[in-house]
1. Restricting the search to the range 119-151, which residues are surrounded by fewer than 18 Cβ atoms within 10 Å (Cβ to Cβ) and not in a strand (DSSP E or B)?
2. Which ones in the range 41-53 are in contact with a helix residue (DSSP H, G or I) (Cβ under 9 Å, 6 or more places away or on another chain) and not hydrophobic (A, V, I, L, M, F, W, C)?
3. Within the range 1-19, track down each residue that is surrounded by 14 or more Cβ atoms within 10 Å (Cβ to Cβ) and touching a residue at least 40 places away in the same chain (Cβ under 8 Å).
4. Which residues, taken from the range 164-183, are within 16 Å of L134 (Cβ to Cβ) and not small (G, A, S)?
5. Listed residues A172, A143, A121, A161; which is of a type in the set (A, V, I, L, M), modelled with pLDDT under 95 and either out of contact with any Phe, Trp or Tyr (no Cβ under 7 Å at 6 or more places or on another chain) or within 17 Å of R32 (Cβ to Cβ) (or both)?
6. I'm trying to understand the selection: among the residues of the range 21-44, which are exposed (fewer than 14 other Cβ atoms within 10 Å of the Cβ) and under 14 Å from C99 (Cα atoms)?
7. Just wondering, is there one or more residues in the range 193-203 that are modelled with pLDDT of 90 or more and either of a type in the set (A, V, I, L, M, F, W, C) or part of a helix (DSSP H, G or I) (or both)?
8. Looking only at the range 5-33, which residues are under 18 Å from T162 (Cβ atoms) and either hydrophobic (A, V, I, L, M, F, W, C) or out of contact with any Asp or Glu (no Cβ under 9 Å at 6 or more places or on another chain) (or both)?
Amino acid sequence: MLALGFVSKRALVEWKNRPLYLPQFQFYEQHRTVISTLYPDKILPAVANYDIQQDTLIKTLMSVRQLPQKLRRHKSQRTMDPFGMHSFTLLESSTTELCYGLRGQFWRTDFGLEEVADRSAYCAALSPGSAKLLLRYRVRPFATDKYELCTETFILCSDRATQVKMALYWLAIRVGSGWIRQRTLKAVKLELEKVANIPEQDNNGPH
């Protein structure tokens, strides 16, 4: 177990399955769930299509996080867009893995997000004072008709001063962020298992 999600240089050297698009990182968080389904190919599409804004509690948490920015916003400025998966850039999509990227200064009230047009823009070197975040979802067989869905968060900071800022922010939001990940996994699990338990309709009607 990593202490509070801080990744040491030694732990990184021994790390297995480091993400291709962010092999170096200083922060890490992981959550898992097991889904019973006959259709494992539907798991990651369900993740990709899940709108966190439909969860009232998650929406409230995100609103609280963006409150300082709302208070500082001048009346003449345009309405803020809620932070969500649309803020990320899709880096990888396969039957077993989804990867999303984000660049910016996440501890700022406005997240300090950078425009990331594609995978190349995400992989470009960081400028001083900035950080990269990679969100990865993976699916693997767990047992007969059961599959493990894992969500992982990786963060890399450009320099020591930025890492200190990120560490303070990480400690402040880690519990809430983890809770959002857990609720997302739970929602996907419930959706897929609900579908799995719906009896198939007989297209030929009653006999």
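1. Listed by number, the residues that qualify are R119, S120, A121, C123, A124, A125, L126, S127, P128, G129, T144, D145.
2. Scanning the range 41-53 gives K42, Y50, D51, Q53.
3. Across the range 1-19, the qualifying residues are G5, F6, P19.
4. M166, W170, R181
5. One residue alone meets the criteria, A172.
6. Listed by number, the list holds a single entry, P23.
7. yes
8. Correct list: F6, V7, S8, K9, L12, L22, Q24, F25, Q26, F27.
The values are calculated or read from the model by the stated rules, or taken from the named source; none is laboratory data. Note that the structure is a prediction, hence the values are computed from the model and not measured. All Cβ positions, even for glycine, are placed from backbone atoms using ideal geometry, and neighbour counts span all protein chains on display.
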